[in-house]
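Input: a single structure, listed below in C-alpha cells.
The values are calculated or read from the model by the stated rules, or taken from the named source; none is laboratory data. On a predicted model such as this, the values are computed, not experimentally measured, just so you know. To get the accessible areas, we keep the full protein, side chains included, count just its heavy atoms, and leave off ligands, DNA and RNA. Shrake-Rupley method; radii C 1.70, N 1.55, O 1.52, S 1.80 Å.
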Amino acid sequence: MKRSIKTRLFFVIFGIILLNITLVLVFGGVFAGIYYTELTKMKLNDYGKYIQDAYNDSDNQDKLKYIIDKCTANNVTVVIYDSSNNTVFSNSREKSSKMQSGIDVNTWIEHVYKEGIFSKLNSKSSITDTENNGISDSICFYSKIDDDIYLMLETPMEFLQSAANMMFQFFSIISIITLIIATFIIYFVSKKIAKPIKQIDRTAQRISKMDFSERCNIHTGDEIEVLSISINKMADKLEKNIDILKEDLRREEQTNIMRREFIANVSHDLKTPLALITSYSEALFDGNIDKKEAVEVLLEQCNRMDRLVNQMLTLSRLESNTMKYDMTVFPIGELISTVSQEFKLLIEGIDFNLDVDDSIVYGDYNAIVQVYTNLLDNAIKYVDDKKQIRVFLSEDDSEFVKISVYNTHKPLYEENLQNVFEMFYKTDKSREIGSKSYGIGLAIVKNIVKSHGGKCGVENMDEGVCFWFTLKRVELI
C-alpha cells in the first residue's frame, strides 16, 4: 500500500527530531559528568587566580571576602596555609552529606605533604586534580600564593554527579515535551505542505482524462506555486491544442467527404465528354453525321477534358511543392489588361470596369496570369442579372498591392467565405458560387498566391462578392 506524501513527510521529520533527542539524551547521559568535571576544574582555576590577586592586594580585603563567600555559596572549600602547616584561613565546615564541601584541614594538609604537592608547586603555578582516597572524593585545586603561602580549593565529586544527573533529568523532560509538541506541529505542517500537492495531483489526474475544467489555485510563494502555474499553462496549451486537433479532425472528415464528392463529380465530368466522343466517333465511322460538325464536337470535348486534367495536374504539383516558378518583376496593370482583352467575347453584354495603374510587382508572370484568369472566369460565370464586374487595384499596405475582382452576386454565407478557397470545396449550386470545377480553380489560386508570399480572400461587398489576392510591390529606382 502506498503511503501519502503527508504520512511520509510526517515520519521523516518526526524521525529526525526523535533521532536528535535520542542522541542528546545518550551523549548527555554519558558525557554530562565529564563535562561538569572539566567545567568545575576551570571554575576552580578561576577562583584560585581571583583569590591569589585579592590576597596579595592588602588594600582590597573586601574583594577577598567576596570571592571566598562566592566559593562557599558554590560548595567550594577554601584553605590557605603556610609552609609550616599552619592554617591561615579556612571556610571548611562539618559535612552533613557527601555533596557538601568540607574537610579535616590538618588531615588533608598531611595528605598533601605525603603526595608531594608542595614540591610540585615549586615548578608549577597550579595543580588541578581529582582526589579519590580515604579522605575525600573531590576535585582539588592547589596553587602557591606567596613564597610560603599556599591555597587549596576543594569541591566534592558527589555534588558534581548530582548536578549532572539533574541536568540529564531536566533535558529528558524537556525532550519529551518537545517531542510531543513537535508531533502536533509536524502533523499540521505536513498536512499544510501536502494539501497543495494533492490539489496538483487531482488536477493532473483530471487533465490525464481530458477534463480541463479545473485549475490549480495555489499561492504558497514557493516552488509548489511555480509548479502549479506550470500545470495550469500546460492545461491551457493542451486544451487549446486539443480544440485545434478536433477542428483539424473535423476539417479532415469534411475534406474526405468533399474528396469523395470531388472524385464522383470529376468522374461524371469526364464521363460526359467521353460519351460524346464515343458517340460522334461511331456516327462519323458509320457516315451518319457531317464530318465538320463531328470534328468540332470532338475537338471541343477533347479541349474540355484537357483543361480539367491540366487543372488537376497543376493543383497536384502545387500541393506537393513541385511547382517551379520563374520569378520576375512586371507591371500588374498590363497583365490584367492583356488577360481581360482575351475575355472580350465572354464579357460582351456585361458592364465590365477596369481600374488599374502601373504598379510593379514581383512574381511568376504565367502563374499570376493563371490566378487572374481563374478569378475573372469565375466572376463571369457567376455574375447575376445586374451583370456588373469590376477589377481594381488598391494598396494592402506599403509592401503589397491588392488585386480585387468584384461581380454582382448574392452575398456568400459565412461558412463559404471561410472555406471557398479550400481544396475540393463545393458550395450549394442553387444559390452560391464556387462550384466551378468543384473548387480546383480557387484552390490553385490559394496555393500560387501563398507560394508568392501573398494572401487571398473573399468578402461580401456592396451588392456583390469580391475575390482578391495580394502580391509584393517593387519600387523601381
When we measure straight from the Cα of Lys198, which lysines land under 24 angstrom away, once same-chain ones fewer than 8 places off are left out?
Lys2, Lys6, Lys209, Lys233, Lys237
List, in order, the whole-Hz ³J(HN,Hα) value for each residue of the range 399-408 obtained from phi through the Karplus relation with A = 6.51, B = -1.76, C = 1.60 and θ = phi - 60°; use x for Gly and Pro.
9, 10, 9, 9, 9, 10, 10, 10, 9, 6
Aspartates and glutamates with Cα under 15 Å of Lys410, excluding same-chain neighbours fewer than 8 positions away
Asp384, Asp385, Asp428, Glu432, Glu459, Asp462, Glu463
Show the residues, 5+ positions off or on another chain, whose built amide H is closer than 5 Å to the amide H of Ser90.
Ile80
Given Lys191/Lys240; Lys65/Lys144; Lys381/Lys402; Lys324/Lys446; Lys49/Lys70, the pairs whose alpha carbons are separated by over 24 Å
Lys191/Lys240
Accessible area of Arg250 in the full protein assembly, 1.4 Å probe (Å², nearest 10)
120
Links exceeding 30 Å between C-alpha atoms in this model, out of Lys271/Lys386; Lys41/Lys120; Lys271/Lys292, come to Lys271/Lys386
Qualifying aspartates and glutamates (Cα of each under 17 Å from Cα of Lys455; at least 8 residues distant if same chain)
Glu319, Asp364, Glu395, Asp396, Asp397, Glu399, Glu422
Quick one: accessible area per residue over the range 183-244, 1.4 Å probe, rounded to a whole number of Å²?
71
